[in-house]
Amino acid sequence: MRRFEGLSVVFLLVATLAGAVLWCLECPYAYDDWIYSHVLCPRECAWQAGAFEPAISNWAQAWESITGRYGFVGGDARLSNAAHILWVPAGHGPEAVFCGFMMAAMLYLMAAVAGSSAKPRLLAVLAACALFWTAFPWSNRMMAMVYQANYVWPSVLVLCLMIVVRRLPGAGRKEAVLTVLFAFVVGMFHEGFTAVMLAYVLVRWVQSGYDRRIMCVELALFAGFVVLAVFGALGRASGDEALSSGSTHLRELPRIVLQYWPYWLACLLSLSAYLRKDRHSLDRWAAPMLAGLVCLCMAVVLGRSDRTLWPGLLMAAIVLIDAVGRYSSRRLRPAVAVAAMALYCFWLFGLVKWQRVLGREENAAFSVVGKSGSGLVFDDYTPDKDVPWWYMGIVRHPLESDFGVRAAIMNLLKNREHILVLPPALEGKRFSEWPLIPGTAGARGIWPMIAMNDSCWTQLSVAFSSPVNDAPVDLLLVRAKYGKSGGFQIERDVVWGAVFSPADSCDVYRAYIVPGEMLWRRDVSRIDTVASD
């Protein structure tokens, strides 16, 4: 039985590695990958046409871009961004393979840290596989390699530091010095992870009886944190809008609460351990629980959800995996284990398959960018709503999910006034011939490619159709929020995108109507104007 468990653990890790590598290889350049593939200019010329030139083709240019990054958009000394830029000359493929290995390493280390053993149990690894893909906000642009460099890579370093800190009280002087140096590097990698680890190591220091070596690790982390603050990473993370707008906090608070569900589950387990006077579990979970609380406070203060919660979700996942290993005395039956592994492999196969479809469509559309004299590209693609809900937005089309960010980036890289991908059905047609969306707004197009004649501030009442491919949890949340899960209307502000001219040379404006996470798989059936300036 032990041999079967050992082989099963190896199989799961290899399957995760293969699936992660293939998924990353199929991910196209997306979001900030476009920016970081070019030499970054100093801050004073950022976001101007031609600012991101030339494309990085060697390590000398990569170093030039890294040194220029410190004065770019408020300053940013994150080592995670620098590490990504160093991979750019090697090309997308090698970095994608490395990202796949880092994802597999993260999953293994989650199980290893939770189980306090280099050989985690099969049930713990299965729990780690489930939490790895469901607990973290992969849908928040994680197909971009630079985002993985900022969240997956620091996760691996943090997990390694947690293992080292746990063994530090009995380590020698040489090991202690190396650990302190490693902690300083970890502290400079990403300020969000550093803040969380400061809380984690502080608890470990108290639990160790105030060991001086662990305090040195705390000071090294804090030194890295100070360096990031000096170079402006904290200001970049907070954002002026998030700190000045109370409405931002109110809008994000429900999302923060919902996305932090692993932490609430860990809280219930901690309460159960307290009521049962399980001191051992409480001691093991105290550090990650406090660290998760710090992450939650940061997210609430900054008014940000999604990626901001990643470090805290990592801590919650460790508690949950440890609980599975501690409270499950029985071993999985071989038949059940084989069925679970087969289902996991089937899911990974579908993940790669759908990413291949959407990734190739994205690459095909942008292979002709620059060849179009008007800046318009007419290309068909698979909408996000066609991707099965059980992939939880991990596979998403940048054409739909960036709401103008990618278009703005490409404008800078290609030195054009507008770059827009439209459905082939609109090619050669006057704007008056575009399909009319029912309602008083006068919107035309094919959802989500909607345009209007005017770019004034507009608040719209948008009617979403009945669900076709909604996730069960989305159906429940929609019913809880709106009282029903079928078609209904909600009010939305419009984010205006590119200005472009259809066949009749009439200037029209792309309207990015952000449906919200619960409704992004639905079509729009009607658009009415509520208010405008």
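Read-outs throughout are calculated quantities, based only on the coordinates presented, and are distinct from any laboratory measurement. This is a predicted model, so every value here is computed, not measured. Every residue, glycine as well, gets a Cβ built from its backbone with ideal geometry; the counts of neighbours run over all protein chains shown.
Taking square-rooted eigenvalues a ≥ b ≥ c of the alpha carbon gyration tensor, is segment 149-199 rounded, prolate or oblate, where a/c under 1.5 means rounded and, failing that, a/b exceeding b/c means prolate?
Working: a/c = 2.19, a/b = 2.03, b/c = 1.08.
It comes out prolate by the Cα gyration axes.
Of the peptides 27-35, 183-191, the order by per-residue mean of other Cβ atoms within 10 Å, starting with the highest, comes out as 183-191, 27-35.
The packing ranking, built from the mean of other Cβ atoms within 10 Å per residue, places the peptides 521-527, 137-143 in the order 137-143, 521-527, highest first.
Electrostatic bookkeeping for A287 treats Lys and Arg as +1 and Asp and Glu as -1; over the other residues with beta carbon under 11 Å from its beta carbon, the sum is +2. Apply the a/c threshold of 1.5 to the C-alpha gyration tensor of segment 2-327 and tell me whether it is rounded, prolate or oblate. The shape class here is prolate. Label-to-label distance for W261 and E491 is 3.0 nm, based on points extended 7 Å past Cα in the beta-carbon direction. Within segment 280-331, the trypsin sites (Lys or Arg not before Pro) that combine a DSSP coil assignment with at most 13 other C-beta atoms in a 10 angstrom radius are R330.
Add +1 for every Lys or Arg and -1 for every Asp or Glu among the other residues with Cβ under 12 Å from the Cβ of Y260, and state the total.
Neighbour charge sum, excluding Y260 itself: -1.
By the beta-carbon count within 10 Å of each Cβ, the least crowded to most crowded order of W390, W63, W434, fewest first, is W390, W63, W434.
Cβ crowding within 10 Å ranks S328, S461, S155, S281 as S328, S461, S281, S155, fewest other Cβ atoms first.
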